[in-house]
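Taking it in order: structure first as structure tokens, then the write-up.
The values are calculated or read from the model by the stated rules, or taken from the named source; none is laboratory data. In this text the structure is predicted, and so the values were computed from the model without any measurement. Note that we place each Cβ from the backbone using ideal geometry, even for glycine, and neighbour counts take in every protein chain shown. Note: areas computed on protein heavy atoms with side chains; ligands, DNA, RNA excluded. Shrake-Rupley method; radii C 1.70, N 1.55, O 1.52, S 1.80 Å.
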Amino acid sequence: MREIKSEAITEAIARLCVQANSALPASLEGCIRNANETSPVSRPVMEDLCRNLDAARELGLPICQDTGMAVVFAQVGQEVHIDGDFTEAVNRGVRRGYVEGLLRCSVVADPLRRGNTGDNTPAVLHVSLVPGDKLTLTVAPKGFGSENMSRLKMFTPAASREDIIGFVAGTVKEAGGNPCPPVVLGVGIGGDFELCAKLAKEALCREVSVRNSDPYYADLEKEMLDAVNATGVGPQGFGGAVTALAVNIETYPTHIAGLPVAVNVGCHVTRHKSVTI
């Protein structure tokens, strides 16, 4: 049994919060810089996005003013013993990262009565138990301009491939410029109501250069991407060819009577950073 101190978890989370908000994954940055946008209106928008990435790197500033709600995925090895309160260690890390890192704190204590918590806690924490003696932490800050545009639909098994593609493309078309396109889409298919949404969020944490390992779903990712880009929403909603940079699909077995599909919309700064302790 390997012991991991809770303070090590706090330090790692604090560091990941700052790092994730300061730079995009290299594969996503490459998509933005190499996007083939030919619209005379929207091509300058893509150039502005590149200049923003450069300025954030040079000045040490967040790449977006909405530094998001801290979503944390933790894969805990079965041979790991955590010395201390794990959830509290994660929230201490978020608190330290956002306050000391001078990141915008956007979490309210109650969904209806509001009231900012002042330190971006609590985090949204997803924990899974895996083999081994390691702890892998992923921090995925999620801004709500894009989160608010996300949708979930409980299809019946009679739904066709085209129905699902249409739902994904329709979600983006309806969103327009609100989620700061070009977007990254996480699509969850299967499971039940809540697992479907979690799958979509997990899909956003996959590198955009990595396709689904199942060729059937890899092809579906491409079809969805083509359909979304055919909407013509374009960068920041100004029209054009580049509405989405990637579509990532994650799946899970489901009930014979159901076919849940969730679309978690990520903006052009879909961020995540991981570390293994």
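Could you list all residues from the range 218-227 that are crowded, with 18+ Cβ neighbours inside 10 Å and either at positive phi or over 18 Å from the mean Cα position of the chain (by Cα) (or both)? Within the range 218-227, Leu220, Ala227 meet the criteria. Between Leu102, Leu112, Leu49, Leu24, the distinction of being in contact with a Leu (Cβ under 7 Å, 6 or more places away or on another chain) and either closer than 16 Å to Val139 by Cβ or at pLDDT 95 or above (or both) belongs to Leu24 only. When restricted to residues that are modelled with pLDDT of 95 or more and open to solvent by 80 Å² or more (accessible area, probe 1.4 Å), the range 1-10 contains 2.
Taken together, the criteria place Gly188 among residues that are over 26 Å from Asp110 (Cα atoms), modelled with pLDDT of 95 or more and open to solvent by less than 30 Å² (accessible area, probe 1.4 Å). In the set (1) crowded, with 23+ Cβ neighbours inside 10 Å; (2) out of contact with any His (no Cβ under 9 Å at 6 or more places or on another chain), Ile256 fails one condition alone, (1). Here Ile13 fulfils each of the conditions (1) open to solvent by less than 20 Å² (accessible area, probe 1.4 Å); (2) under 20 Å from Gly177 (Cα atoms); (3) assigned to a helix (DSSP H, G or I); (4) in contact with a helix residue (DSSP H, G or I) (Cβ under 7 Å, 6 or more places away or on another chain) apart from (2).
In the range 66-74, is there at least one residue being closer than 21 Å to Val208 by Cα, under 20 Å from the mean Cα position of the chain (by Cα) and either open to solvent by 70 Å² or more (accessible area, probe 1.4 Å) or without any contact (Cβ under 8 Å) to a residue 12 or more places away in the chain (or both)? No: zero hits. Out of the residues in the range 259-277 that are farther than 21 Å from Glu221 by Cα and of a type outside the set (A, V, I, L, M), which is farthest from the chain's Cα centre (by Cα)? Among those that are farther than 21 Å from Glu221 by Cα and of a type outside the set (A, V, I, L, M), it is Thr276. Could you please let me know if Leu102 is closer than 21 Å to Glu147 by Cα, without any contact (Cβ under 8 Å) to a residue 24 or more places away in the chain and open to solvent by 50 Å² or more (accessible area, probe 1.4 Å)? In short, no.
In summary, Ala159 fulfils each of the numbered conditions (1) open to solvent by 60 Å² or more (accessible area, probe 1.4 Å); (2) within 20 Å of Gly191 (Cβ to Cβ); (3) part of a loop (DSSP other than H, G, I, E, B); (4) of a type in the set (A, V, I, L, M, F, W, C) with the single exception of condition (1).
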